[in-house]
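Since the structure comes first, as structure tokens, the remarks are kept for the end.
Read-outs throughout are calculated quantities, based only on the coordinates presented, and are distinct from any laboratory measurement. Because the structure is predicted, anything quoted here is derived from the model rather than measured. Cβ placement follows ideal geometry from the backbone for every residue including glycine, while neighbour counts extend to all protein chains displayed.
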Amino acid sequence: MAEIEHHLTEPLLAAYAAGNLPQAYELVVAAHVSLCVECRARLGAHENAGGAVLETLPGAALSAGLRDRVMAALDAPPPAAAAVPRRSGIFPAPVMAALKGQPPRWKTLGGGVRQQILQADAEGSARLLYIPPGVAVPDHGHGGLELTLVLQGAFSDKTGGFGTGDVEIAGPELEHQPVADIGPPCICLAATDAPLRFHALIPRLLQPFFRI
Amino acid sequence: MFADTALAAPLDHRALAVPSGVAKAQAKGRPRAVTHPTDTAMSDATRWMLAVRDGRDRAAFARLYDHFAPRLKGMAMRGGLNAAFAEDVVQDVMLTVWHKAAQFDPGVAPVSAWVYRIARNRQIDMARKRARPLPEELIEEASEPDSQQIYAMEQEVGFLQGALARLAPEQRQIIEKAYMGELSHSEIQAETGLALGTIKSRIRLGLERLRHELKELR
């Protein structure tokens with residue numbers, strides 16, 4: 001794997017450490033950190049900072065019986081841990097968890113582009129995208145922040161080239177048209193906090209059906 | 001273990017006093033930080049946590065409870081929970097600290113950061129009623145954290161707390177809000193750019209450590 005060139009920003013890592021990201025973005029952060037030593041270290045630094053803040057908190061008064069209840073519960077067997085999915089092929093563990101341990105079930109979007117939605121709620125959505133070599137993701141803008149992590153292959157848009165492990169951070173102002181590089185199909189994990197807006201007429205009509 | 005009686009006196013220290021071979025065996029056969037640095041180089045919380053991990057020391061756990069439980073309740077309430085819910089989180093987090101103690105590694109994260117992460121994950125899981133996406137765990141077996149690493153981590157905590165203390169009050173408030181989950185991502189982006197710079201110098205150390213560990217894994 002080539003060296004990762006495009007990393008997460010400090011505010012994104014801080015927000016993840018503090019638990020202040022919508023789940024769709026959390027998935028991209030967790031997946032990138034699984035692949036990137038540098039961002040793992042930086043996330044660790046933010047957690048250290050969180051711990052340092054915790055140390056300085058004044059603290060709240062506790063109910064009288066809580067300490068005894070906790071001490072009495074030490075001997076009870078620990079709750080059974082849920083099975084944690086492992087990394088499988090190009091998919092790091094958090095993506096496998098979002099896939100519920102199964103391989104992706106692609107849905108065709110046209111032009112050979114496929115997707116599987118992993119997660120969608122009022123705060124945002126996360127999906128896997130499969131883009132054949134040389135093919136463009138339909139021209140789109142997006143309402144807010146878009147995070148795209150490359151899991152296989154590479155893509156390029158007007159801001160530059162993104163290889164495996166790289167994450168593109170696109171603000172609402174960026175209208176871009178990523179094109180998959182020649183080589184293996186490009187597989188990405190993408191998260192947005194609003195539905196993507198497509199500019200070509202047909203994809204826009206299809207948007208409600210595909211939830212892209 | 002010397003020159004430390006004042007600090008150590010109230011606490012049962014049997015767990016740290018066992019010969020290293022025994023401590024190793026207790027740690028489920030994994031290579032462990034058995035060469036503890038002199039206690040003076042370690043914070044109270046680290047010593048308590050190691051006593052819980054290696055000796056299942058209840059007295060040490062009670063110390064950890066007294067130290068962290070009120071702060072954890074404060075953190076949960078700042079995150080928007082009412083007092084009763086916040087105490088559920090406290091109970092849950094403290095029991096996780098007890099049950100998952102074997103995963104604590106003072107060369108990787110200080111106790112405060114380890115507890116902070118457990119609390120944050122727990123609070124989110126409870127709010128969403130589903131598991132939060134988490135990064136893969138590094139396989140730590142291959143690396144034997146040494147006293148130097150633990151010392152470096154303790155130092156990092158000292159630097160961070162010093163840096164926090166030196167911030168101007170309004171900046172410090174922003175940092176507190178950011179890490180207590182009271183700022184959105186865009187607010188963090190907008191407001192903390194400068195303040196976050198104060199922790200950046202600490203990142204290099206963690207990176208060196210990880211690179212070192214990964215080299216050993218190859």
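Would region B:67-170 count as rounded, prolate or oblate if I go by the C-alpha gyration tensor, calling it rounded below 1.5 in a/c and otherwise prolate when a/b exceeds b/c, oblate otherwise? Because a/c hits 1.5 or more and a/b fails to exceed b/c, region B:67-170 counts as oblate. For peptide A:28-39, the mean count of partner chain Cβ atoms within 10 Å of a residue's Cβ comes to 3. Computed from Cα positions, the angle between helix A:201-210 and the longest principal axis of chain A comes to roughly 30 degrees. Within region A:1-110, the trypsin sites (Lys or Arg not before Pro) that combine a DSSP coil assignment with at most 13 other C-beta atoms in a 10 angstrom radius are A:Arg86, A:Lys100, A:Arg105.
Fewest first, what order do B:Glu136, B:Glu170 take by the number of other Cβ atoms within 10 Å?
Numbers: B:Glu136 18, B:Glu170 9.
So the ranking, lowest neighbour count to highest, is B:Glu170, B:Glu136.
Legend: ranking of residues A:Cys188, A:Cys39 from fewest to most surrounding C-beta atoms inside 10 Å; resulting order A:Cys39, A:Cys188.
In a DSSP loop and with at most 14 other Cβ atoms within 10 Å, the chymotrypsin sites (Phe, Trp or Tyr not before Pro) in region A:89-177 are A:Trp106.
Test of understanding: ordering B:Ser112, A:Ser63, A:Ser156, B:Ser43 by Cβ neighbours within 10 Å, fewest first, what list do you get? Show your work: numbers first, answer last.
Values: B:Ser112 27, A:Ser63 12, A:Ser156 16, B:Ser43 19.
The order, fewest Cβ neighbours first, is A:Ser63, A:Ser156, B:Ser43, B:Ser112.
Using θ = phi - 60° in the Karplus curve 6.51 cos²θ - 1.76 cosθ + 1.60, the 3J(HN,Hα) couplings for region B:57-63 round to 7, 5, 4, 5, 4, 4, 4 Hz; x is entered for Gly and Pro.
Regarding chain A, what's the average projected area of the Cα-atom convex hull, expressed in nm²? Present the calculation step by step, with values, prior to reporting the outcome.
Values: hull surface 59.5 nm².
Averaging across all directions leaves 14.9 nm² for the Cα convex hull.
Of the residues A:Gln152, A:Gln102, A:Gln115, the one that moves most in a GNM of chain A with alpha-carbon contacts below 10 Å is A:Gln102. Measuring between alpha carbons in the structure, the pairs from A:Lys100/A:Lys158; B:Lys73/B:Lys100; A:Lys107/B:Lys129; B:Lys73/B:Lys129; A:Lys158/B:Lys177; A:Lys158/B:Lys129 lying more than 31 angstrom apart are A:Lys100/A:Lys158; A:Lys158/B:Lys177; A:Lys158/B:Lys129.
Converting phi to 3J(HN,Hα) with the Karplus coefficients 6.51, -1.76 and 1.60 and the offset θ = phi - 60°, region B:154-159 yields 4, 5, 4, 4, x, 4 Hz in sequence order, with x at every glycine or proline. Applying a 4.7 Å cutoff between beta carbons, the unpaired cysteines of chain A are A:Cys186, A:Cys188. If you place +1 on the Cβ of every Lys and Arg and -1 on the Cβ of every Asp and Glu, how big does the dipole about the Cα centre of chain A come out, in debye to the nearest 20? That gives chain A a dipole magnitude of about 860 debye.
Restricting region A:1-107 to GluC sites (Glu not before Pro) that sit in a DSSP loop and have at most 13 other Cβ atoms within 10 Å of their own Cβ leaves A:Glu3, A:Glu5. Take every pair of alpha-carbon atoms less than 8 Å apart whose residues are at least six positions apart; their mean separation over the length of chain A yields a relative contact order of 22 percent.
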